[in-house]
Amino acid sequence: MYLLTVIGKEKEGAFSLTDDDGDQVLYIFEEEDDAIRYGLMLEEENGFPEMKVLEIDDDLMIKTCEIHGHRYTIITPNDIVIPPSDITYDTV
């Protein structure tokens with residue numbers, strides 16, 4: 001499985017979105033191509049810096065999220081995900 005992060009800031013965290021409840025949700029992609037496509041959409045349509053796709057151990061990542069109470073969603077090849085037009089990259 002795959003995560004997105006900003007090139008040069010891989011150790012600072014992975015891409016996530018805020019849901020309607022105000023919680024951060026980590027996007028975990030099953031397919032590398034889907035992660036690449038989503039990253040390109042973030043860069044081109046939302047002005048994000050260049051994104052990097054990281055391959056992860058899915059079991060370890062899911063267990064880590066569950067232990068620490070982090071929300072996540074798994075994006076399958078059957079899912080269509082498009083970045084919201086109102087998100088921006090925050091350098092904080």
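Table for the structure above
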{"item": "Strands (runs of 3 or more DSSP E) within the range 9-92 that include 2 or more residues free of Cβ contacts under 8 Å to residues at least 24 places away in the same chain and not charged (D, E, K, R)", "result": "16-18"}
{"item": "In the range 10-23, the residues that are surrounded by 13 or more Cβ atoms within 10 Å (Cβ to Cβ) and not small (Gly, Ala, Ser)", "result": "PHE15, LEU17"}
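Any read-out appearing in this document is the output of simple, stated calculations on the displayed coordinates, not a laboratory observation. Note that the structure is a prediction, hence the values are computed from the model and not measured. Because the Cβ atoms are built from the backbone with ideal geometry, glycine has one as well, and the counts that use them run over all protein chains shown.
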